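*Asks:* Just passing along the structure, written as structure tokens.
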Amino acid sequence: MANNNLSASPPDYLGGTARYLWRRIVPILIEQYSVQKLDRTIVESLCINYQIMRLSYESIKEHGTQYVTDNGLIKSNPAVSDIDKATKNLRSACDSLGMTPTARAELLSITVDDDETDQAGIAEMLKAFSDS
């Protein structure tokens, strides 16, 4: 049987903070959430958006949320928008991987419903065998 686990080693093209996050979270995701190779693009998105958020925050720390252009106009730092987008993408990836309390509760609910369905199905089969 093939190993379906996601590799704990990050892809070569991930660098910096994205690479660091991959090494940090993938072992946990495999152990606690059964993340597999199929989930690779979601994990990549999570790591990349985390790096975007961190780099954008560094830009805001250095330059502020607004800056004055050479002609005296006040402009918003594009990093503010980048953080907003990256945060939304992070939340989405975390939800998809079951990493938020809401997502975990939903997954547990599905598991409980499946267990109840399985038990009901088994009970029906046993009843059918005992009736014959």
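*Asks:* Just the residues that are small (Gly, Ala, Ser) and more than 23 Å from Leu14 (Cβ to Cβ), please, taken from the stretch 58-80.
*Replies:* Gly64, Gly72, Ser76
*Asks:* Continuing with the same structure: Pick out the one residue from Leu46, Leu29, Leu55 that is part of a helix (DSSP H, G or I), under 19 Å from Leu14 (Cβ atoms), at pLDDT below 95 and assigned by TED's automatic domain parsing to the domain that holds Gly16.
*Replies:* Just one listed residue meets the conditions, Leu29.
*Asks:* Answer yes or no as to whether Glu44 is surrounded by 15 or more Cβ atoms within 10 Å (Cβ to Cβ) and either under 15 Å from the mean Cα position of the chain (by Cα) or within 17 Å of Asp95 (Cβ to Cβ) (or both).
*Replies:* So Glu44 fits the description; yes.
*Asks:* Filtering the stretch 58-109 down to residues that are in a loop (DSSP other than H, G, I, E, B) and among the polar types (S, T, N, Q), which residue is surrounded by the most Cβ atoms within 10 Å (Cβ to Cβ)?
*Replies:* Among residues in the stretch 58-109 that are in a loop (DSSP other than H, G, I, E, B) and among the polar types (S, T, N, Q), the one surrounded by the most Cβ atoms within 10 Å (Cβ to Cβ) is Asn77.
The values are calculated or read from the model by the stated rules, or taken from the named source; none is laboratory data. Note that the coordinates shown come from a computational prediction; the quantities given were computed from them, not determined experimentally. As a convention, Cβ positions derive from the backbone with ideal geometry for all residues, glycine included, and neighbour counts pool all protein chains shown.
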